[in-house]
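Asks: Take this structure first; my questions come after.
Here, each number is a calculation from the coordinates, and none is a lab measurement. Since this is a predicted model, take the numbers as computed values, not measurements. As a convention, Cβ positions derive from the backbone with ideal geometry for all residues, glycine included, and neighbour counts pool all protein chains shown.
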Amino acid sequence: MTQIHEMNAVALAEKIRTKELSAQAVLEHFLRRIETHDSELNCFLSLNDKNHAEAEAIDSCISAGEDPGILAGVPVAIKDNIDVEGMRTTCGSRFLENFVAPFDATVVKRLKKAGAVIIGKTNLDEFAMGSSTENSAFGPTRNPWDKNRIPGGSSGGSAAAVAARLCPVSLGSDTGGSIRQPASFCGVLGVKPTYGRVSRYGLVAFGSSLDQVGPFTNSAHDAARVTGVLAGSCDLDSTAANVEVPDYEAGLDLGLNGLRIGVPKEFMAEGIDESVRNRIQESIDLMKEAGAKIVEVSLPHTKYAIPVYYIVATSEASSNLARYDGVGYGRRQEDTEDIMDMFMKSRLHGFGDEVKRRIMLGTYCLSSGYYDAYYDKAQRVRTLIRQDFEQAFQNCDVIVGPTAPTPPFKLGEKTDDPLTMYLADILTASLNLAGMPGMSTPAGFIENRNSRLPVGLQVIAAPFREDMIFRVAAAHEQLPALTKEAPIL
């Protein structure tokens, strides 16, 4: 018999709605799994002390004959840089370790309205700055497929929790690849919507022109349903676009026949691990057999994505993190001589090394005499990157390639070499710069001694065409060579 944690969110919601399962029983099942396995993985930073009451309310709603919502009773974990009223929002930082959110983020409100149960908050690189979840002030998260390896970042806790079946759905944020890269490393689906498709209200800002909230799931159907719940305009966020949200679930069975799939030569070039390239090529070949038309396209400015990203993102981070000074909220260093000493020591002891590094980089790029040479020039190249995508989509319906250039690496392997770590996002950052939607969907495994390491296929669509991504992901996961598996814990 299929166990509760083996079911996808859509199936769980249906069984809860029809009273085959209760929301409370489902919640208890996942809480037991967290208690059993999370001490080894460190996915969760806190659990929601209201989750039992939320589950009970769903069961009462169903018993009364009322509609509980399309995510009825589904436990959802929230990355700990997204506000949940009454819960701590630490951002993985000592600076905010005791900050309790006074309100729900828009995405959390929408999840609750759809009947989801907020199970807890997940680990992340401090202030979402990292690619491995090793920068958290509360310890690293481990990859469920090989606990000596990283789960990716910065949303590593959210990705690992879904991969380990500690919850069926989680939310992450993606500034340069922080949903898609950990999804690839953990063998789950991770969606980065179009910039503006999902409200950022209640998301702690890192790079305001880059950040987007999106889900991790174990199926394309789940990803489509949850994204549909999250998407839409928001009166509290002027960057949330007033663009109609289609029924993402309606096109999941359309298949690949006749679809034009673009493969950028830059995504399959030198620098991509050969084993990763081979798995992705196998997926492309299978999609061709299923009726897709494969088209070579070019994204020539991709090679500039990392330097442009680390100018734009750090500049915005420098501005956004200026508010953390120990005065209004957050950590305040005691025993200081004057207010300037308090500012300096609060930030010195409150922020970790990677956050300090990015603040200094961004401050330098924005400083007098360097703004034009760095920030202004980066924004000009950013426009060229977006134009590359616009040109490519004249010849194809979607673009595919690897999500990450390598398999998940070992804990501690790259912590002493920030530049090498930054290159982990070389295939994902260009989408954030261009505002495009993208998803990582599982594309098989690489055999590595005693480990089976997941590989992710990145699927990219034109702005506000997330429906195309879900269509491809749904067809891709049905390909015969891509049977879904779960890690053995």
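Asks: Identify all lysines with a Cα-Cα distance to residue 112 below 21 Å; exclude those on the same chain that are fewer than 8 residues away in sequence.
Replies: Cross-link targets: 15, 19, 50, 79, 121, 192.
Asks: At a temperature of 20 °C and a viscosity of 1.002 mPa s, determine how fast region 78-157 diffuses translationally according to Stokes-Einstein, using the Kirkwood radius over alpha-carbon pairs as Rh; express D in µm²/s, rounded to the nearest whole number. Could the numbers behind the result be given before it?
Replies: Values: Rh = 12.9 Å.
In µm²/s, the coefficient rounds to 166.
Asks: Where both partners of a DSSP beta bridge lie in the chain, what percent of those bridges are antiparallel, to the nearest 5? Mind dumping the intermediate values first?
Replies: Numbers: 32 of 47 bridges.
Here the share of antiparallel DSSP bridges comes out near 70 percent.
Asks: Give the cross-link partners of residue 414 among the lysines, using a straight C-alpha distance below 17 Å as the criterion and excluding same-chain residues fewer than 8 apart.
Replies: 147
Asks: Per residue, what volume in Å³ does the convex hull of the Cα atoms of region 308-394 enclose?
Replies: Numbers: hull volume 9.4 nm³, N = 87.
For region 308-394, the hull spanned by Cα atoms encloses 108 Å³ per residue.
Asks: Quick one: grab Rg to one decimal and Dmax as a whole number for region 437-489, Cα atoms only, in Å.
Replies: So, for region 437-489, Rg and Dmax equal 13.1, 41 Å respectively.
Asks: Given the -39500 (n - 2.57) contribution per DSSP H run of 4+ residues, what per-residue ellipticity at 222 nm results for the chain, rounded to the nearest 500 deg cm²/dmol? Before the final figure, lay out the partial values.
Replies: Numbers: 15 runs with 171 residues, N = 489.
Taken over the chain, the calculation gives -10500 deg cm²/dmol.
Asks: A further question on this structure: Restricting to DSSP loop positions (anything but H, G, I, E, B) with no more than 13 other Cβ atoms inside 10 Å of their own Cβ, which trypsin sites (Lys or Arg not before Pro) remain in region 251-317? Before the final figure, lay out the partial values.
Replies: Numbers: sites: 260, 265, 277, 279, 288, 293, 303; in loops: none.
Sparse-neighbourhood loop trypsin sites (Lys or Arg not before Pro): none present.
Asks: Turning to a different aspect of this structure: Which three numbers, in whole Å and largest first, are the semi-axes of the equivalent ellipsoid of region 19-128 derived from its Cα gyration tensor as √(5λ)? All intermediate terms of the calculation are to be shown ahead of the outcome.
Replies: Numbers: eigenvalues 133, 55, 19 Å².
Its equivalent ellipsoid spans semi-axes of 26, 17, 10 Å.
Asks: Just need the Rg to Rh number for the chain, please, alpha carbons only, Kirkwood Rh. Before the final figure, lay out each step's value.
Replies: Numbers: Rg = 21.3 Å, Rh = 22.3 Å.
Result: Rg/Rh = 0.95.
Asks: Counting other C-beta atoms within 10 Å, which of 347, 94 has the fewest, and how do the rest follow? List each step's numbers first, then the result.
Replies: Details: 347 21, 94 17.
Ranking 347, 94 by Cβ neighbours within 10 Å, fewest first, gives 94, 347.
Asks: What area, in nm² and to one decimal, does the C-alpha convex hull of region 361-489 cast on average over all directions? Walk me through the numbers before you get to the answer.
Replies: Values: hull surface 43.7 nm².
The number I arrive at for region 361-489 is 10.9 nm².
Asks: Counting C-alpha atoms alone, how compact is region 132-241: give Rg to one decimal and Dmax as a whole number, in angstrom.
Replies: In order Rg, Dmax, the Cα atoms of region 132-241 give 13.6, 44 Å.
Asks: Bins of 10 Å, beginning at zero and ending with the bin holding the largest distance: percent of Cα pairs per bin for region 207-336, please.
Replies: 9, 20, 31, 25, 10, 4, 1
Asks: Rounded to the nearest 20 Debye, what is the dipole magnitude of region 326-412 about its Cα centre when Lys and Arg each give +1 and Asp and Glu each give -1 at the C-beta? Could you put the intermediate results ahead of the total?
Replies: Numbers: 12 positive and 12 negative charges, 41 e Å.
The calculation lands at about 200 debye.
Asks: What are the aspartates and glutamates whose alpha-carbon lies under 12 Å from the alpha-carbon of residue 265, with same-chain residues fewer than 8 places away excluded?
Replies: Answer for residue 265, where 12 Å is the Cα cut-off: 296, listed by chain and number.
Asks: For region 1-63, compute the orientation-averaged projected area of the C-alpha convex hull (one quarter of its surface), in nm².
Replies: Details: hull surface 19.1 nm².
With the hull built on Cα positions only, its mean projection is 4.8 nm².
Asks: In region 380-489, which trypsin sites (Lys or Arg not before Pro) fall in coil by DSSP and have 15 or fewer other Cβ atoms within 10 Å? Walk me through the numbers before you get to the answer.
Replies: Details: sites: 380, 382, 386, 410, 414, 449, 452, 465, 471, 484; in loops: 414, 449, 465, 484.
Passing sites in region 380-489 are 449, 484.
Asks: Another one. Find out how many positive minus negative residues lie around residue 156, taking Lys and Arg as positive, Asp and Glu as negative, among other residues whose Cβ is under 10 Å from that of residue 156. Write down the numbers at each step before the final one.
Replies: On the way: positive: 79, 142; negative: 125, 134.
Neighbourhood net charge equals 0.
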